[in-house]
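The values are calculated or read from the model by the stated rules, or taken from the named source; none is laboratory data. What you are looking at is a predicted structure, and each value in this text was computed from that prediction instead of being measured. All Cβ positions, even for glycine, are placed from backbone atoms using ideal geometry, and neighbour counts span all protein chains on display.
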Amino acid sequence: MSVPERRWASEVSTGLGMHSPIVALLGPKNRFGWVIRYTILALGVIGTVFAQDVLMDGAFHGIAADYLAVTVMIGLPLYAVATGIMADMGRLRAQMMRAGETDQMTGLLQRQPFLRRAERKLLQTGVLMVLDIDGLGQINAKHDHHAGDLCLMALAIRLREVTRATDVVGRIDGATIAVYLPGTPLEAGRIVAERLAQGIQVMTGTTRFEVTVSVGVAAADGEHPLAKLMQRAEAALLRAKARGRAQVMMSDEPLAA
């Protein structure tokens, strides 16, 4: 297991990823968990029948067929219900984890979740892009701050159109968005960046306007850390914005350990 994967596993086991003791024991994570849960349920049903047998008749008859029949007729439905509840709890927990990791406005990953997921994919080569909407302050001044929010949401929608399910996309700071494309050649990454820089149509009220995006691009070699890659992509973004609007700049700095 790599260092990023070990770090991720540690965070999951000590944070949101840790099950409560009951869920860890009864959760259907493997066959052993299923057996344990049904055994506990069956013992509860048998105990109930035994108590009724003794309380009503004052004696324990011990008819195995009766106990087996009751266990099947009562235990299986209860087991099905318990399984459904556990599954619903698991789905709800997963939804809560996703909600805690995503930006409410754009639906993209927040900075730290983005960095964690991108770091896990750095074992293979890829392309990192850092994007910034051109003249966002002027847009807010000309229209209102809601126009800037609409620009960010429109860019997030555009990113979902041009990226794959395996790509990692996050809003890392204000209007700055980062995208990591694992397994993507540098030339292919440049093409994606140029498509994003071309412009986005935004509608606010009855006004339609177009915004452009500047992009800094850096290639990952599968060996160097994400922090170094982010520095190179952000430096390329600064050069792109210095050249004007809708610019794409490739990082020309050599990677240093």
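Values computed for the structure shown
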read-out: Residue list for the range 210-231, filter: touching a residue at least 12 places away in the same chain (Cβ under 8 Å), more than 25 Å from the chain's Cα centre (by Cα) and surrounded by fewer than 20 Cβ atoms within 10 Å (Cβ to Cβ); value: Thr212
read-out: Output for the range 104-145, where each listed residue is over 20 Å from the mean Cα position of the chain (by Cα), surrounded by fewer than 20 Cβ atoms within 10 Å (Cβ to Cβ) and part of a helix (DSSP H, G or I); value: Leu136, Gly137, Gln138, Asn140, Ala141, Lys142, His145
read-out: Test result for Val217, at pLDDT below 95 and either outside the structural domain of Asp144 (by TED's automatic domain parsing) or touching a strand residue (DSSP E or B) at 6+ places or on another chain (Cβ under 6 Å) (or both); value: no
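Residues checked against (1) exposed (fewer than 15 other Cβ atoms within 10 Å of the Cβ); (2) free of Cβ contacts under 8 Å to residues at least 24 places away in the same chain; (3) among the β-branched types (Val, Ile, Thr); (4) in the same structural domain as Leu238 (by TED's automatic domain parsing):
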| residue | (1), (2), (3), (4) |
| --- | --- |
| Ala147 | no, no, no, yes |
| Leu150 | no, no, no, yes |
| Ala154 | no, no, no, yes |
| Asp167 | no, yes, no, yes |
| Gly170 | no, no, no, yes |
| Gly174 | yes, yes, no, yes |
| Tyr180 | no, no, no, yes |
| Leu186 | no, no, no, yes |
| Gly189 | no, no, no, yes |
